[in-house]
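S.K.: Dropping the structure in here first, questions after.
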Amino acid sequence: MESRYRPGTIVRARGREWIVLPQREPELLRLRPLTTAQGEEVGLFLPLEGGRVWLARFADPEPTGGGDATGIMTLFDAARLSLRSGAGPFRSLGRISVVPRPYQFVPLIMSLRQSPVRLLIADDVGVGKTIEAAMIARELLDRGLARRLAVLCPAHLCDQWERALREKFAIDTVLVQPSQMRRLERGLPRPDISVYQHYPNLVASIDFVKSISQRTSSQRDRFLAAAPDLVIVDEAHAAARPRGTASGAEHQRYELLRDLARDPNRHIVLVTATPHSGIEESFRSLLGLLDPSFDRDPAEPLDREALVPSLVQRQRRDVEKWLGSEGAYGVEGATVQAAFLEDPATAKKALAAAHQLDRASDDAVLYFRPPAPDTKLAFTMARRPRAPRPVHFRRLPPDPRGPPSDPR
């Protein structure tokens, strides 16, 4: 039996292929799915399921099914680039579809020096905090230092996080929001397990997860009972402990994170561009999620040497030479209400500056009208929080009310 199921052997069981992992008990077969590097390991009790485990067999390649030259070269290039990127010190680089800038490796290197990871990423807007946090998640999952991931963020950022993790970091997640719960619950194999137990990777609205019900088991209790061992909190400043003792949404967010941080083996990455709102007590409460010794009386000085390994904060001017004109990863921006520009060429330069802002935008559209004599062109960039897309220029008919006035 031991020679048949040696570690590394590929077997078929329960309708799929598995890789055999090392095991100490001869009657327990430990398996990992063949098709994913982050799937849950399972154990099969051979006296019960041994008759339904077979050595996997794959059909021989057909000489006539080689495909066209373009497809073959695409597959070859993909394999070559994956091997090249994964040959360095970081296992995750072969599986991500972004090219990190040099300064974005700093949080990853800092996290790999910690056990568990407790890190506050407080980089300036537009530096690429989402990429830095996702790089940490991808690396910890690939190294087996973390098994499951949860991203807690405001509801309006859930779609963006889900898309970024899926498209750029090959991490498939499910959205945990009130509108999605019925669909997720229908996919559960048994009624006695929760959504948080069944799905390995989650992107959840922190305000939904923190909700407490007096009549039934609350979302907060169910999440805490099966929370993943890696948690990323975006816009973490909104979960800091507010001043005073009054109850409220901020208190509930903070209490949720405090209870998560009590597990000494849980990795926690806090992400925010504004860690300090001017209230020292609230700032200390965020640091206390990383290490309880940091949450002390504001009158007492912080041990800066002890804090350095847990906090990374860079301003845009610190990394400007690496940013270029496209921000942290391509097209980024927020709404630019009205920029009065001379021509579309100037508009493109202004748009490049707008791309330096933090969140990825949808199709960036510049609307302009033919200018009247001696007036400037009026441009408005409309956006929604979506994945990066091309920029389009659209010409509108002349405004019957006349040219717009310059707000300056």
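Here, each number is a calculation from the coordinates, and none is a lab measurement. Nothing here was measured: the structure is a model prediction, and the numbers come from that model. Reconstructed Cβ throughout: ideal geometry from the backbone, glycine too, with neighbour counts over all protein chains shown.
S.K.: Pull out a ≥ b ≥ c, the square roots of the eigenvalues of the alpha-carbon gyration tensor of region 93-233, then state rounded if a/c is under 1.5, prolate if not and a/b is larger than b/c, and oblate in the remaining case.
M.R.: prolate
S.K.: Step through the residues of region 258-265 one at a time and calculate ³J(HN,Hα) from phi using the Karplus curve (6.51 cos²θ - 1.76 cosθ + 1.60, θ = phi - 60°), rounding each to whole Hz and writing x for Gly and Pro.
M.R.: 4, 5, 5, 6, 5, 6, x, 9
S.K.: Subtracting the Cα-Cα distance from 0.36 nm times the residue separation, let me have the gained length for Glu185 to Ala59 in nm, one decimal.
M.R.: Result for the pair: 41.6 nm of gain on full extension.
S.K.: Which order do Arg30, Arg182, Arg14 fall in if you start with the one that has the fewest other Cβ atoms within 10 Å?
M.R.: Fewest to most other Cβ atoms nearby, the residues stand as Arg182, Arg14, Arg30.
S.K.: Now, a different point. I need the peptides 304-313, 105-114 ranked by packing, meaning the mean over residues of other C-beta atoms within 10 angstrom, with the highest value on top.
M.R.: The densest-packed peptide leads the list: 105-114, 304-313.
S.K.: Mean projection of the alpha-carbon convex hull of region 57-139 over all orientations, in nm²?
M.R.: Taking a quarter of the hull surface, the average projection is 8.7 nm².
S.K.: Would you mind getting me the FRET efficiency between Gln23 and Arg166? Use the beta-carbon distance for r and R0 = 22 Å, nearest 0.05.
M.R.: My answer for the efficiency is 0.10.
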